[in-house]
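See structure below.
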Amino acid sequence: MIEVNGLVKIYKLTKRQMRQRKEKDKVKIAVDGITFEARPGEIFGLLGPNGAGKTTTLRCVSTLLSPSEGDIRVCGFDTAAQGVEVRKRIAFLTNELKLDGHFTPRYTIRYFGSLYNMAPEEIEARAASLFKTFGIEGFQDTKIDDLSTGMKQKLSIAVSLIHDPEVVIFDEPTNGLDIITARTVTDYLMSLKAEGKTIIVSTHIMSVAEKLCDRFAVILGGRIVAQGTLEDVLKAAGSQTQDQVPDTILDLEDAFFRFYQRQELEDQASGVIS
Ligand SMILES: Nc1ncnc2c1ncn2[C@@H]1O[C@H](COP(=O)(O)OP(=O)(O)O)[C@@H](O)[C@H]1O
Ligand SMILES: [Mg+2]
C-alpha cells in the first residue's frame, strides 16, 4: 500500500538553473499538493506530460527526495521517519542504466542480494527465477558491457527486484525499450499484480496507462486533475466539457486533452505564464 497525502515538493533553483530555464522565480513548485493511494494487487498510474511532476512524486515515495510538505506511507511506514523500513520493501525502477559494465549478471545480482542481507541460497533461487523470466539465463557469465541494450535493461530490472519487494515503483516502464523488451516488462508487472504486490508506474503514454493500469491519476502542472478507473476519468472529462457535448469523449487521449485545455484556460485566467 502507498498512501500519499498532500504532497508538495518545491525545488530551490540555482542561478544557473534560473538562467537556463528562463525562470524568474527562485523556486519551482514541482508537485503542488497531491493525494492518492495505490493498493495491493493493483497497478496505479501517474499519467501526465513531461514536467508534470511524476518523477518527483515517485522519488519522494522511494525516499530519494524528502517532501516539502505532506506525508507518505509505504506499507504503513512513514517515508520521512522510517526510511529504512520503506527501502526494504520497495524497488525503484527506471530505465536509466546504473550497472557496472565490467561485471557479469551473476556477480551483479549476487552483490545486490548481499546488500539486502539475503542468504546465499535465497539469492541463487531468486536470481535463477528472475533470469528465467527475463531471458538472461544464457548470459549470466557474459560481461555486462557485451550485452545488448535490451538485455542490459532487463538485467537492471531483475537486479532491482532481487529482494522480492512488496511495492514496485517504476518510472516510465516502457520508455526507451524495444517492443519485445517492453512486452516482457509489462507482462512481468501484470504477474506481480496477480501476486498481490502494489505497483505504481508513471507514464506519458496514454496507451500504456490504458492497458496497464487499474486506476490512475492524471497530473498536470504538479496537480491531480482527475483520478480513478478509466471509466471514472472519462466521466470526469465529460462533465468538464465546455461545449455541452459530453459524448464526444472517446478515449483517454480525448479526456486528457480536455483536462489540458481546461488547465490552460484556468492558468490564463489566473495570469500564470508558462
Ligand atoms: N532537481 C531539480 N531542480 C529543479 N527543478 C526540477 C528538478 N527536478 C525536476 N524539476 C522540475 O520539476 C518539474 C517536474 O519535474 P518531473 O518530476 O521530472 O516531471 P515528470 O517526471 O512528470 O516529467 C519540472 O518543471 C522540472 O523541470
Ligand atoms: Mg519523469
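Every read-out reported here was derived from the displayed coordinates using simple, explicitly stated rules and does not represent laboratory data. From a predicted model like this one, the values you see are computed outputs, not experimental measurements. As a convention, Cβ positions derive from the backbone with ideal geometry for all residues, glycine included, and neighbour counts pool all protein chains shown.
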>> All but one of (1) more than 29 Å from Ile72 (Cα to Cα); (2) surrounded by 14 or more Cβ atoms within 10 Å (Cβ to Cβ); (3) touching a residue at least 40 places away in the same chain (Cβ under 8 Å); (4) of a type in the set (Gly, Ala, Ser) hold for Gly150; state the number of the condition that does not hold.
In response: (3)
>> Restricting to the range 97-126, name every residue that is over 23 Å from the mean Cα position of the chain (by Cα), crowded, with 17+ Cβ neighbours inside 10 Å and not basic (Lys, Arg).
In response: Thr104, Pro105, Thr108, Met118, Ile123
> Which one of these is part of a loop (DSSP other than H, G, I, E, B), over 14 Å from the mean Cα position of the chain (by Cα) and either of a type outside the set (Asp, Glu) or more than 8 Å from ligand 1 (Cβ to nearest atom) (or both): Pro40, Pro49?
Replying inline: Pro40
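Only one of Thr56, Thr63, Thr94 is within 21 Å of Lys154 (Cα to Cα), under 16 Å from the mean Cα position of the chain (by Cα) and within 16 Å of ligand 1 (Cβ to nearest atom). Can you tell me which? Let's see the steps before the verdict.
Values: Thr56 fails: within 21 Å of Lys154 (Cα to Cα); Thr63 fails: within 21 Å of Lys154 (Cα to Cα).
Just a single option satisfies the conditions, and that option is Thr94.
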> Could you list, in sequence order, the residues of the range 198-216 that are buried (at least 22 other Cβ atoms within 10 Å of the Cβ) and either within 11 Å of the chain's Cα centre (by Cα) or in a strand (DSSP E or B) (or both)?
Replying inline: Thr198, Ile199, Ile200, Val201, Ser202, Thr203, Phe216
>> Just the residues that are within 16 Å of ligand 1 (Cβ to nearest atom) and either closer than 21 Å to Lys132 by Cα or free of Cβ contacts under 8 Å to residues at least 40 places away in the same chain (or both), please, taken from the range 159-181.
In response: Phe170, Pro173, Thr174
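Being away from ligand 1 (no atom under 16 Å from the Cβ), β-branched (Val, Ile, Thr) and not in a strand (DSSP E or B) is the requirement here; does Thr184 meet it? If you could, list the steps in order and put the result at the bottom.
On the way: away from ligand 1 (no atom under 16 Å from the Cβ): yes; β-branched (Val, Ile, Thr): yes; not in a strand (DSSP E or B): yes.
Yes.
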